[in-house]
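The structure appears right after this line, and notes come after that.
Derivation of every value follows stated rules applied to the coordinates shown; laboratory data play no part. Quick caveat: nothing in here was measured; it's all calculated off a predicted structure. Here the Cβ positions follow ideal geometry from the backbone for every residue, glycine too, while neighbour counts run over all protein chains shown.
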Amino acid sequence: MTINPDISVLLSSLELKNPVMTASGTFGYGKEFETLFDLNRLGAIVVKGISLKPMKGNPPPRIVETPAGMLNAIGLANIGIEGFLKDKLPWLNTLNTEVIVNIYGHSINEYGELASAFKGVKGVSAIEVNISCPNVDKGGLVFGKDPEMSGRVTETVVKNTDKPVIVKLTPNVSDITQLAKAVEQAGAHALSVINTLTGMAVDINTRRPRLGNISGGLSGPAIKPVALYMVYQTARAVKIPVIGIGGILNAHDALEFMIAGASAVQVGTANFINPRATIEIIEGIGNYCIEKGINKIKDIVGSLITARQG
């Protein structure tokens, strides 16, 4: 008898119809993909990062292809909170899928203001907090590299919103579990693991950086083994759900992350290669469950077998 697997997942109080989400910064505000497939099939859309005021981002060139990945130095360009609420959210509210808003600030107060702006706002299911930003009050030190500051940002956002709070962790630290524990203790409801790895590329003919900003964030299949291990570490260190991100191109990749401990996944760079990647991953996860006789996808989360056999 063919089973009809349940591929819904629960992230704290946020229920998704399936575990596949889009990663912030790789899917615009959602509408850009509306002609390519039915967006209602997605578990959730995580929109482009939003700041208090509109931002133009970094000078070009801002994207460079690399072996098995890409570097981006977009600089978090966006239309700002007012523009998002007025011009983007009304359309997103017409969809039958969860909408998660990614936010970032350059001071703890900015994070608090952004969180407050979404309090009670219809159609926003959760807030994802990007802490991979420089703190202007601390001489440019990145929030996400310091457990204490990461915790303070998280606590501020949690206090100023009525939405579930997901914190997106940077991999550019010596021990990601210390960050994970700090933001969990500060009240985070879930974690996104990982953000991009810092890297650069050089034009040997001009001897100049290939990115206008010199360095950028490395994403794509090249970072998958690193991301997978950090998800494994994080899921073992905290009790809140972990969302896996990093080089996920297909259902096989997504399932690896879930077996390693992720309750859900986000698809990023793959959207540029194959705009239908998320849908193919959703279908692939369902087919895997049927093939393996798995009734509920949540049963494979953290099911990695590490003991030696024989």
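For the chain, take N as its residue count and report Rg(C-alpha) divided by 2.2 N^0.38 Å.
Computed over Cα atoms of the chain, the ratio equals 0.96.
Could you grab the relative contact order for the stretch 1-150? Cα pairs under 8 Å, six or more apart, rounded to a whole percent. Intermediate results must be reported in sequence, preceding the final value.
Working: 238 pairs, mean separation 28.5, N = 150.
Across the stretch 1-150, relative contact order equals 19 percent.
What's the exposure ranking of Arg62, Arg236, going from fewest to most Cβ atoms within 10 Å? Mind dumping the intermediate values first?
Working: Arg62 17, Arg236 14.
Placing the least packed residue first, the sequence is Arg236, Arg62.
Give me Tyr229, Tyr288 sorted ascending by neighbouring Cβ count inside 10 Å, so fewest comes first.
Ordered by Cβ neighbours within 10 Å, fewest first: Tyr229, Tyr288.
P(r) tail for the stretch 27-183, what percent of Cα pairs lie past 19 Å?
Result: 57 percent of Cα pairs exceed 19 Å.
Report the relative contact order of the chain, percent, no decimals, based on alpha-carbon pairs under 8 angstrom and at least 6 residues apart. Display every interim value, and only then the final one.
Values: 717 pairs, mean separation 63.2, N = 310.
Once normalised by length, the contact order is 20 percent.
Set the bar at 24 Å for Cα to Cα. Now go through Lys145/Lys224; Lys17/Lys292; Lys88/Lys224; Lys48/Lys296; Lys88/Lys239 and name every pair that lies beyond it.
Over 24 Å apart, Cα to Cα: Lys88/Lys224; Lys48/Lys296; Lys88/Lys239.
Under a Cβ-only charge scheme (Lys and Arg +1, Asp and Glu -1), can you give me the dipole magnitude of the stretch 211-310 about the Cα centre, in debye to the nearest 20?
320
What's the ranking of 259-268, 32-41 by average number of surrounding C-beta atoms within 10 Å, highest first?
Order by mean packing, descending: 259-268, 32-41.
Under 1.5 on a/c is rounded, so check that first for the stretch 43-113, then, if it is not, pick prolate when a/b is larger than b/c and oblate when it is not; a ≥ b ≥ c are the square roots of the alpha carbon gyration tensor eigenvalues. Please report the intermediate quantities before stating the final value.
Values: a/c = 2.03, a/b = 1.30, b/c = 1.56.
Taking the square roots of the gyration eigenvalues as a ≥ b ≥ c, the stretch 43-113 is oblate.
Please get the size of the charge dipole for the chain, origin at its Cα centre, with Cβ charges of +1 on Lys and Arg and -1 on Asp and Glu, quoted in debye to the nearest 20.
Numbers: 29 positive and 26 negative charges, 79 e Å.
Dipole size: approximately 380 debye.
Under 1.5 on a/c is rounded, so check that first for the stretch 1-42, then, if it is not, pick prolate when a/b is larger than b/c and oblate when it is not; a ≥ b ≥ c are the square roots of the alpha carbon gyration tensor eigenvalues.
oblate
Taking amide H positions as placed 1.01 Å from N in the peptide plane, with prolines and chain starts having none, which residues 5 or more places from Glu98, or on another chain, fall under 5 Å of its amide H?
Ile45
Once the dipole of the stretch 53-110 is set up with Lys and Arg at +1 and Asp and Glu at -1 on Cβ about the Cα centre, which of Met70, Met55, Ser107 lies farthest towards its positive end?
Sorting the options by dipole projection puts first Met55.
What is the dipole size for the stretch 83-226, taken about its Cα centre, with +1 at each Lys and Arg Cβ and -1 at each Asp and Glu Cβ, in debye to the nearest 20? Mind dumping the intermediate values first?
Working: 15 positive and 13 negative charges, 72 e Å.
Once rounded to the nearest 20, the dipole reads 340 debye.
Going by how many other beta carbons lie within 10 Å of each one, how would you line up Met21, Met258, fewest first? Write out the running numbers ahead of the final one.
Numbers: Met21 29, Met258 26.
In order of increasing Cβ crowding within 10 Å: Met258, Met21.
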